[in-house]
1. So which residues in region 103-154 are surrounded by 15 or more Cβ atoms within 10 Å (Cβ to Cβ), part of a loop (DSSP other than H, G, I, E, B), at pLDDT below 95 and in contact with a strand residue (DSSP E or B) (Cβ under 8 Å, 6 or more places away or on another chain)?
2. Can you confirm whether residue 232 is farther than 24 Å from residue 301 by Cβ and part of a helix (DSSP H, G or I)?
3. Residue check: is residue 244 part of a helix (DSSP H, G or I), surrounded by fewer than 20 Cβ atoms within 10 Å (Cβ to Cβ), modelled with pLDDT of 95 or more and out of contact with any helix residue (DSSP H, G or I) (no Cβ under 7 Å at 6 or more places or on another chain)?
4. Hey, does region 253-269 have a residue that's outside any helix (DSSP H, G or I) and more than 23 Å from residue 316 (Cα to Cα)?
5. Taking residue 311, is it touching a residue at least 60 places away in the same chain (Cβ under 8 Å), touching a strand residue (DSSP E or B) at 6+ places or on another chain (Cβ under 9 Å) and assigned to a strand (DSSP E or B)?
6. Please go through region 9-22 and give me each residue that is closer than 18 Å to residue 363 by Cβ, out of contact with any helix residue (DSSP H, G or I) (no Cβ under 8 Å at 6 or more places or on another chain) and in a loop (DSSP other than H, G, I, E, B), ordered by number.
7. Within region 340-358, which residues are surrounded by fewer than 18 Cβ atoms within 10 Å (Cβ to Cβ) and either over 18 Å from residue 23 (Cα atoms) or in contact with a helix residue (DSSP H, G or I) (Cβ under 9 Å, 6 or more places away or on another chain) (or both)?
């Protein structure tokens, strides 16, 4: 992950998903909802979008880039067509009751937030990975887009076992633990293929941080026990990959809301660093979590590991000032070491697939935020290496 460059400056990256063209979103939406679409047009659109997003990132000056998840309808639902043993089901009515929407029923009365949507799939048979052809197309598109650029590193996001399992009801396996382990073994194929292709793999794992909010009756101790079991499963799935080629990302989902029920980082950090990864990405740039940089005074970062704190956020349309970005970087770097911090984003910035529904953050604002991230990293570099 740009180890040599990290010795001389603060590198920049993000959480994976980036705005996609409206035309591509329309094709993905048609495919996802069973409407007529042209497969060749979708393939060509995805290929062109990856080329454009790679160029956009490198032209802007982002150091560690991704394919922007251009071909995926979302960071997790994409996995449904890559796994066997699943069937669509009629979603139950309403939305899941959580600590968040129970605390603020007026705010959430007209919509849902991450993780509250009813499940639309069920596991009805053995789970296996059947998406090698689709994955190969994604990796080939990214390789082609990289021919004329030289970023510090390149990563490909892949959904965690816990977040993937959360998409579906278990109608086949004897227990949830057996179910999640089966998902992990299947997704291991994707994790290992990404790294074999020459990229780092990022495990997208918001479910880890969100479990507490999603389960109103769970105590902090019960949540930590659940997290420990899920981390063991994830580590088992990652067992064949060098940790330095693994990034782990957790967050609290796409939720521009009060968020008073987010599990605090002081209950998460010591468990996150037990994940078999070389870098850990997490939220640190919104008012609910910005103070949590101080957690790293008490939680020791293992030797050789890297933190990727969010220094720009998806929870506000305000464009962060570069000097604020620099402050966020510097105060954490002074705790864990300047070479152990890469400046990132709280979460992804994907465009919505639904026609006529605006994205949470408009693309023009997304790119302005990234300019502040890059400028802030330069200011932090000047201070930390003065």
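The values are calculated or read from the model by the stated rules, or taken from the named source; none is laboratory data. All of these numbers come straight from a predicted model, not from anything done at the bench. Glycine gets a Cβ as well: all are built from the backbone with ideal geometry, and neighbour counts include every protein chain shown.
1. Across region 103-154, the qualifying residue is only 120.
2. Numbers: farther than 24 Å from residue 301 by Cβ: no; part of a helix (DSSP H, G or I): yes.
Here the answer is no, as residue 232 does not meet what is asked.
3. Numbers: part of a helix (DSSP H, G or I): yes; surrounded by fewer than 20 Cβ atoms within 10 Å (Cβ to Cβ): yes; modelled with pLDDT of 95 or more: yes; out of contact with any helix residue (DSSP H, G or I) (no Cβ under 7 Å at 6 or more places or on another chain): yes.
Judged against the criteria, residue 244 is a match.
4. Kept after step one, since they are outside any helix (DSSP H, G or I), are these residues of region 253-269: 253-264, 268.
This time we only want the ones that are more than 23 Å from residue 316 (Cα to Cα), so: 268.
Yes, that holds for at least one residue.
5. Working: touching a residue at least 60 places away in the same chain (Cβ under 8 Å): yes; touching a strand residue (DSSP E or B) at 6+ places or on another chain (Cβ under 9 Å): yes; assigned to a strand (DSSP E or B): yes.
Considered against the rule, which asks whether it is touching a residue at least 60 places away in the same chain (Cβ under 8 Å), touching a strand residue (DSSP E or B) at 6+ places or on another chain (Cβ under 9 Å) and assigned to a strand (DSSP E or B), residue 311 comes out as yes.
6. Of everything in region 9-22, those that are closer than 18 Å to residue 363 by Cβ, out of contact with any helix residue (DSSP H, G or I) (no Cβ under 8 Å at 6 or more places or on another chain) and in a loop (DSSP other than H, G, I, E, B) turn out to be 15, 16, 17.
7. Initially, region 340-358 is screened for residues surrounded by fewer than 18 Cβ atoms within 10 Å (Cβ to Cβ), giving 352, 354-358.
Selection gives 352, 354, 355.
Residue by residue, here is whether (1) in a helix (DSSP H, G or I); (2) over 16 Å from residue 86 (Cα atoms); (3) free of Cβ contacts under 8 Å to residues at least 60 places away in the same chain holds:
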position	(1), (2), (3)
157	no, yes, no
164	yes, no, no
172	no, no, no
177	yes, yes, yes
180	yes, no, yes
187	yes, no, no
194	yes, yes, yes
198	no, yes, yes
203	no, yes, no
